[in-house]
Amino acid sequence: MTQLLSLNQLNTQPVSQITLGMILVSLGFALLQAAVMFGTFRKMHTKMSYDENYNIMLVMLAIVSTILMQLIQTNVALSLGMLGSLSLVRFRTNIKDPRDIGFVFWAMGIGLASASHAFLLGFLGTALLAGLMIWSSKNHVAADAMLIVVRGSQADAENITTTVAYYSNTSRVKAHNLLANSFELVYEVKVSEERQVSLAEKLKDLDGVDTVNVLAPSAEMA
C-alpha cells in the first residue's frame, strides 16, 4: 500500500512543469545533433547505397525520442504506460548495412541527451561517433566490389579486359556469355566512385560495345 501511495504521489507531478524555454532548448540541441548525424550517414554511403528516406527517418526518431523523454521524465506512471505501448511495436525494415542499426541507437541517444539536458555528453558522443563512422567508412567504401556488365557484338574481349584492368587493380570475370550475334561480359571490380564513370565511358567507346551497366555490390542489392 505504501508503494502504491508513493507511486500515486509521483504521478501527480504535472508535465506542465516543463517550460517553453526548456522545450525549445532541448529540441534545438536535438536538431543540431540530428543534422550532424544526417551528414555523417550521407557521407559514409555511396550514391548507390544511400537511402535518403532512412536518413530522414533517423532525424525524425531523434526528435520524437526527445519529445517522448520530455513527456515521461516527470511522470512515472506515464513512463510505464509508454514503455508498455512501445513494446507492442514491431519493426520489420530490411537493414542492408549492419552499421545502420547503430544509427538508430545514435538517434535515440540524441533524444535522451537532449531531453535530460546532458548537452556536453551529447555533444561529445555525437562528435566521437561522427568522426569514427566517417573514418571507418573510407576503407569500407573503397573495398566495395562493383559489377560491370558489358554487352555488344563482335568486340575484342581481350581489349575489354585490358581496359577494365587499367582502371581497377582488382578485377575478375564473373560471367562470359556468348550468343550467335552478341556477347555479355560481367566483371567484378574494385574501383573508386570517381573512376566508375570514366571506366564506363571508356568501355562504351570501344568498337562493338553497345551497352555498359554498373551495378551495386550484391550485399546492397539484397
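The values are calculated or read from the model by the stated rules, or taken from the named source; none is laboratory data. What you see is a predicted model; the values in this text were computed from it and never measured. All Cβ positions, glycine included, derive from the backbone under ideal geometry; neighbour counts span all protein chains shown. SASA here: full protein model, heavy atoms, side chains in, ligands and nucleic acids out. Shrake-Rupley method; radii C 1.70, N 1.55, O 1.52, S 1.80 Å.
I need the full set of residues from the range 149-172 which are in contact with an Asp or Glu (Cβ under 8 Å, 6 or more places away or on another chain) and assigned to a strand (DSSP E or B), in order please.
Once the filter is applied, which keeps residues that are in contact with an Asp or Glu (Cβ under 8 Å, 6 or more places away or on another chain) and assigned to a strand (DSSP E or B), the range 149-172 yields 149, 150, 151, 152, 171, 172.
Go over the candidates 47, 43 one by one and state the one that is charged (D, E, K, R) and either farther than 30 Å from residue 97 by Cβ or at pLDDT 80 or above (or both).
Being charged (D, E, K, R) and either farther than 30 Å from residue 97 by Cβ or at pLDDT 80 or above (or both) holds for just one of 47, 43, which is 43.
Quickly run through the range 148-175 and pick out the residues that are more than 17 Å from residue 202 (Cβ to Cβ) and at pLDDT 75 or above.
Once the filter is applied, which keeps residues that are more than 17 Å from residue 202 (Cβ to Cβ) and at pLDDT 75 or above, the range 148-175 yields 153, 172, 173, 174, 175.
If a residue has to be free of Cβ contacts under 8 Å to residues at least 24 places away in the same chain and open to solvent by less than 20 Å² (accessible area, probe 1.4 Å) to count, how many in the range 41-70 make the cut?
Total satisfying the criteria: 1.
Please determine, by comparing only the residues of the range 183-216 that are of a type in the set (S, T, N, Q) and modelled with pLDDT of 80 or more, which one is farthest from residue 146 (Cα to Cα).
211
Any chance you could count how many residues in the range 33-53 are closer than 12 Å to residue 107 by Cα and not polar (S, T, N, Q)?
Adding up the residues that qualify gives 6.
Would it be correct to say that residue 110 is at pLDDT 90 or above, of a type in the set (A, V, I, L, M, F, W, C) and within 19 Å of residue 36 (Cβ to Cβ)? Please lay out each step first, then the result.
On the way: at pLDDT 90 or above: yes; of a type in the set (A, V, I, L, M, F, W, C): yes; within 19 Å of residue 36 (Cβ to Cβ): yes.
The answer is yes for residue 110.
Could you give every pair whose Cβ atoms fall below 6 Å, whose first residue belongs to the range 18-35 and is surrounded by fewer than 16 Cβ atoms within 10 Å (Cβ to Cβ), and whose second residue is part of a helix (DSSP H, G or I), counting only separations of at least 6 or pairs across chains?
18/70
What number of residues within the range 175-192 are open to solvent by 40 Å² or more (accessible area, probe 1.4 Å) and over 27 Å from the mean Cα position of the chain (by Cα)?
Looking only at that region, the number is 8.
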